[in-house]
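The values are calculated or read from the model by the stated rules, or taken from the named source; none is laboratory data. Because the structure is predicted, anything quoted here is derived from the model rather than measured. Backbone-built Cβ (ideal geometry, glycine too); neighbour counts: all protein chains shown. Note: areas computed on protein heavy atoms with side chains; ligands, DNA, RNA excluded. Shrake-Rupley method; radii C 1.70, N 1.55, O 1.52, S 1.80 Å.
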Amino acid sequence: MKKPAVGIVSLGCPRNLVDSETIAARLASRGFQIVDLDRADIAIVNTCAFVNDAKTESIEAILDLIEAKKQGRIRKIIVYGCFSQRYKNILVRELPEVDAFVGRIGLDPSAQRFGLTPEHFAYVKICEGCVNLCSFCIIPAIKGRFQSVAADAVVRKCARLDRQGISELCIIGQDITAYGRDLKDKADLYTLVSRILAKCRHIGWVRLLYLYPSRVSDPLLKLISDEPRLCKYIDVPVQHASDRMLAAMNRAMTKRDIVGLIHRIRRIVPGAAIRTTLITGFPGETDKDFEELLSFVTEMRFERLGVFMYSREEGTRAYDLPGQVPYKVKEARFNALMSAQQEISRANNSRYLGRTIRVLIDAKEQDRGFYSGRSEHDAPEVDGTVLVRSRRVLRPGEFVDVRINDTMEYDLAGESIR
Ligand code: SF4
C-alpha cells in the first residue's frame, strides 16, 4: 500500500533545520514521500521555543495546520521540536486536533540527510546542548546535556556532502567551540576542522557558526586566516558590553575581554567580517548600561550585527530578576542600536566599491534580471546579499568574481567578470 506523503515545516535556527533533515531522511528511508506541504497527507512542523517571537511563530504554524486539517487538506499533524519539548503537557490538552507531540529528536550521528536547503550548501551539526548556562537562555533546559558527534562520523558526513558537490558547508551547534570536551579522545574544533578540510577537497567554502567568545583560540583564528577555504567570517555572539549586564547574564567575559577578542580577530584575520548578536532590555539594564552598549557598537564597528530585545522566559534564572525593563524602553533601545548599525554597515559596505570579490551564486532573480549571491562575509539566510548582473548564465552553487559597482546598507551589487 502506498505510504502517505509527508510535508515538513522547519521553524527556528539552522540546528532545527538539520533535525528536520534527519526526520525527513528517516521517513524517506521507510518509504514515505517527502513533498511540499500543499501536496501532503501528513504535516510535520518542527518548532522553536527560544524566545517569545519564536513561540508565537510556532503556535501560528500549528493553528494553520489545524485549519488545513479541518478543511480536509491534510489528514495528520505531528509537532516536533523545542516548543513541543517545552510545553508538551499544555499542548496535548489545548490542541487535541494534533495527532502527536514529539520532543526534540536528539543527536543522531549515523542519520542520513534529506537536504532541505538549496542543494549547493548544507549545515552539519557537530554538537547539541550547551555548557554555558547564560541566565536568559532556555536552550540548555530544552536540549539537555552537551553532546558532541564523534569526529569520524562528522568527517564521514562532510565527505558525503563533498562527493555530492556542495559549494558551502556550514558547521553548527549551540556552541561549536565546546566541541569534543565530552569525547574520550578530547577532539577539539581545531582538529575537527583541519580533518574536514583535509578530507573534503571540492567544497569551496567552510563556514564556522556560533563560536562562544571566551573559547575562540589564537590557533583557530590562525587556521581561519591561513586556510583559503575557511570563510573569513567570525560569528561570536557577545550579548552585551556592560560588565554589570555581562555578569547578570552569566557570560564568562568582561567588556575588556571582549574588546581584546575583537582586536585579536582583527589582527590575526585581517579583513574578516565579525558577526555578533546583542540583547537589549535585560533585567536591570540602566540608561548608563545601554549608553555603554551603544558606544561599544559605534566603536567596534561590527560588519554584521543582530539585536534582540530581551525575552522573559520561564525556567531561566533571569526570569525572576528584579528590574524587568518595560517593552517601550526595550524597543527604543533596540531601534537606537539598529539605526547606529545601519550607518556602520553602510560605511563598511561603501569600502567595496570598485573591488572584485568572490561570490557564491544562490539563485536567479527571474523577474529582475540578476542573480542573488553571497560573499564569504554573508552567512545563508541571516546576512546581506550580493546582486550580480552577468552576460552569461550562472547556476546556483557557482563561484564567480564580481566587480562591485554599487553598495547599499546591507547589500552589494556588481557585474560578474569571470
Ligand atoms: S551560549 Fe547560547 S545556547 Fe548556550 S546558554 Fe548561552 S545563549 Fe544559550
Lone qualifier among 211, 221, 192 - being within 16 Å of the ligand (Cβ to nearest atom) and either open to solvent by less than 30 Å² (accessible area, probe 1.4 Å) or assigned to a helix (DSSP H, G or I) (or both):
211
If a residue has to be of a type in the set (D, E, K, R), over 22 Å from residue 135 (Cα atoms) and out of contact with any helix residue (DSSP H, G or I) (no Cβ under 7 Å at 6 or more places or on another chain) to count, how many in segment 224-269 make the cut?
3
What single numbered condition from (1) in contact with a Pro (Cβ under 7 Å, 6 or more places away or on another chain); (2) within 16 Å of the ligand (Cβ to nearest atom) fails to hold for residue 153?
(2)
How many residues does segment 105-122 contain that are in contact (Cβ under 8 Å) with a residue 60 or more places away in the chain and either more than 28 Å from residue 360 (Cβ to Cβ) or within 16 Å of the ligand (Cβ to nearest atom) (or both)?
2
Can you tell me which residue in segment 113-144 is surrounded by the most Cβ atoms within 10 Å (Cβ to Cβ), limited to those that are of a type in the set (Val, Ile, Thr) and not in a strand (DSSP E or B)?
126
Residue 147 assigned by TED's automatic domain parsing to the domain that holds residue 205, within 16 Å of the ligand (Cβ to nearest atom), touching a strand residue (DSSP E or B) at 6+ places or on another chain (Cβ under 8 Å) and under 20 Å from residue 206 (Cβ atoms)
no
Could we say that residue 128 is within 19 Å of the chain's Cα centre (by Cα) and away from the ligand (no atom under 12 Å from the Cβ) here?
no
Being open to solvent by 60 Å² or more (accessible area, probe 1.4 Å), in contact (Cβ under 8 Å) with a residue 24 or more places away in the chain and part of a loop (DSSP other than H, G, I, E, B): is that true of residue 382 here?
yes
It is to be established whether one or more residues within segment 361-368 are open to solvent by 20 Å² or more (accessible area, probe 1.4 Å), modelled with pLDDT of 95 or more and among the polar types (S, T, N, Q).
no
